[in-house]
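K.L.:
Once you've had a glance at the structure underneath, I'll fire off some questions.
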Amino acid sequence: MSFNKFGRLFRFTTWGESHGPALGAVVDGCPPGIALTEADIQPWLDKRRPGTSRFTTQRREPDQVRILSGVFDGRTTGTPISLMIENVDQRSKDYSDVAKAYRPGHADYAYDAKYGFRDYRGGGRSSARETAARVAAGAVARLIIPQVRVRAWVEAIGGDCVDPANFDDAQIDANPFFCPDAAAALRWEALVDRARKAGSSLGAVVACEAVGVPAGWGAPLYAKMDSELASACMSINAVKGFEIGDGFAAAALSGEDNADPMRPGADGPQFLANHAGGIAGGIATGQPIRCRVAFKPTSSILTPVPTISPSGEATEIATKGRHDPCVGIRGVPVVEAMVALVIADQALLHRGQCG
């Protein structure tokens with residue numbers, strides 16, 4: 001079977017391929033009466049749009065979204081919302097070599113092994129192009145949770161990390177890396193340029209914070225908010241790791257160091273730490289929800305790599321075409337979208353059970 005749907009009450013299904021005529025999402029479960037126009041969605045797509053700097057793929061896609069259903073007189077009707085984004089700058093001929101050999105690290109072989117057939121033009125459904133539909137759906141999700149601010153940024157590229165002491169929220173949208181550290185952004189220019197000119201690529205770590213999630217949202221055991229976030233972020237193309245709060249670093253702490261002590265506060269408990277990342281027992285504590293997502297280096301590179309052909313013969317491949325030298329950069333709005341989608345779903349689940 002194939003699974004192209006995500007969510008429980010607030011659900012979305014993505015459709016389309018990298019080099020097809022269009023791609024999009026169908027959002028179902030959205031409450032009626034919410035003000036929604038294409039102008040509410042477009043700014044988020046513009047953040048993810050390719051070709052905005054030399055540090056991303058040079059594929060030129062306007063990524064203009066069209067709302068095909070589910071909205072009347074500028075408000076949601078409660079019926080499925082269909083969103084479409086046309087592909088206008090495909091170069092399928094760039095992938096003629098990919099038809100003859102698998103790209104190591106990419107999904108080429110795995111798709112062929114599963115289906116006995118694959119769309120080699122940009123990778124079809126396995127292409128990160130699919131994430132444009134997620135960002136469009138995420139824009140709708142944000143309107144359900146206006147009290148929540150979801151913000152992501154790049155924390156590291158190629159192992160070079162930002163300095164937490166230099167964190168400046170205003171810098172995130174002031175450079176092409178979504179980097180909160182101006183000094184790190186300058187270093188990354190040279191770092192990514194070297195990889196791009198060498199025909200290689202770099203990995204990245206994206207951090208995300210959701211502020212304003214009320215205590216009590218979430219569900220225990222099999223619909224934990226943190227497990228849903230992990231599932232959502234791990235489903236993003238090129239993601240290979242996820243952490244909530246201190247994540248793996250918590251394994252090196254003692255119980256007292258890992259605790260999030262509480263004191264009485266004016267509006268509930270005042271937490272003295274947030275090692276748990278704002279979630280305990282799968283339920284939000286009211287603290288900021290914090291997670292980190294690891295993106296692998298882009299698998300489509302110009303550097304020749306040993307591989308095999310579909311018939312099993314030894315060969316090598318150097319992938320032509322236009323690819324991100326660091327796919328994690330444009331992963332920032334995608335992570336934001338998936339986090340918003342999970343929180344919106346959890347908000348509706350909480351309302352359904354607890355009123």
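K.L.:
Search the stretch 212-233 for residues being crowded, with 21+ Cβ neighbours inside 10 Å and within 16 Å of Ala337 (Cα to Cα), and hand back the single one that is nearest to the chain's Cα centre (by Cα).
P.N.:
This residue is Cys233.
K.L.:
Continuing with this model, one more query. Any residue at all in the stretch 234-253 that's of a type in the set (A, V, I, L, M), over 18 Å from Val332 (Cα atoms) and either open to solvent by less than 50 Å² (accessible area, probe 1.4 Å) or assigned to a loop (DSSP other than H, G, I, E, B) (or both)?
P.N.:
Checking the stretch 234-253: at least one residue is of a type in the set (A, V, I, L, M), over 18 Å from Val332 (Cα atoms) and either open to solvent by less than 50 Å² (accessible area, probe 1.4 Å) or assigned to a loop (DSSP other than H, G, I, E, B) (or both).
K.L.:
Can I ask one more? Taking only pairs six or more apart or across chains, which ones have beta-carbon atoms under 6 Å, a first residue in the stretch 273-297 that is free of Cβ contacts under 8 Å to residues at least 24 places away in the same chain, and a second residue that is of a type outside the set (A, V, I, L, M)?
P.N.:
From residues that are free of Cβ contacts under 8 Å to residues at least 24 places away in the same chain, the pairs are Ala273/Asp260.
K.L.:
Same structure again: Of the residues in the stretch 319-345, how many are in a loop (DSSP other than H, G, I, E, B), open to solvent by 10 Å² or more (accessible area, probe 1.4 Å) and either of a type outside the set (Gly, Ala, Ser) or in contact with a Gly (Cβ under 7 Å, 6 or more places away or on another chain) (or both)?
P.N.:
Going through the stretch 319-345, the residues in a loop (DSSP other than H, G, I, E, B) turn out to be 319-326.
Now drop any that are not open to solvent by 10 Å² or more (accessible area, probe 1.4 Å), which leaves 320-324.
This time we only want the ones that are either of a type outside the set (Gly, Ala, Ser) or in contact with a Gly (Cβ under 7 Å, 6 or more places away or on another chain) (or both), so: 320, 322-324.
Total meeting the criteria: 4.
K.L.:
Let me confirm something: among Ala39, Ala133, Ala141, which residue is at pLDDT 95 or above, touching a Gly at 6+ places or on another chain (Cβ under 7 Å) and in a helix (DSSP H, G or I)?
P.N.:
Ala133
One line per residue, one yes/no per condition, for (1) among the hydroxyl-bearing types (Ser, Thr, Tyr); (2) modelled with pLDDT of 95 or more; (3) more than 26 Å from Val27 (Cα to Cα); (4) touching an Asp or Glu at 6+ places or on another chain (Cβ under 6 Å):
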site: Arg103; (1), (2), (3), (4): no, no, yes, no
site: Ala113; (1), (2), (3), (4): no, no, yes, no
site: Arg129; (1), (2), (3), (4): no, no, no, no
site: Ala137; (1), (2), (3), (4): no, yes, no, no
site: Ala170; (1), (2), (3), (4): no, yes, yes, no
site: Glu189; (1), (2), (3), (4): no, yes, yes, no
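K.L.:
Look at the stretch 254-281 and say how many of its residues are farther than 20 Å from Ala230 by Cβ and assigned to a loop (DSSP other than H, G, I, E, B). Give the steps one after another, and end with the answer.
P.N.:
So the first thing to find is which residues in the stretch 254-281 are farther than 20 Å from Ala230 by Cβ, and the list is 254-257, 259, 261-273.
Adding the requirement that they be assigned to a loop (DSSP other than H, G, I, E, B) leaves 254, 259, 261, 266-267, 272-273.
The qualifying residues number 7.
K.L.:
For the stretch 188-200, state whether one or more residues are in contact (Cβ under 8 Å) with a residue 60 or more places away in the chain, charged (D, E, K, R) and either open to solvent by less than 30 Å² (accessible area, probe 1.4 Å) or in contact with a Gly (Cβ under 6 Å, 6 or more places away or on another chain) (or both).
P.N.:
Yes.
K.L.:
Taking the stretch 167-184 only, how many residues are open to solvent by 10 Å² or more (accessible area, probe 1.4 Å) and aliphatic (A, V, I, L, M)?
P.N.:
To start, the set of residues in the stretch 167-184 that are open to solvent by 10 Å² or more (accessible area, probe 1.4 Å) comprises 167-171, 173-176, 178, 182-183.
Right, trim to aliphatic (A, V, I, L, M) and you get 170, 174, 182-183.
The qualifying residues number 4.
The values are calculated or read from the model by the stated rules, or taken from the named source; none is laboratory data. Note that the coordinates shown come from a computational prediction; the quantities given were computed from them, not determined experimentally. As a convention, Cβ positions derive from the backbone with ideal geometry for all residues, glycine included, and neighbour counts pool all protein chains shown. Only protein heavy atoms, including side chains, enter the accessible area calculation; ligands, DNA and RNA are left aside. Shrake-Rupley method; radii C 1.70, N 1.55, O 1.52, S 1.80 Å.
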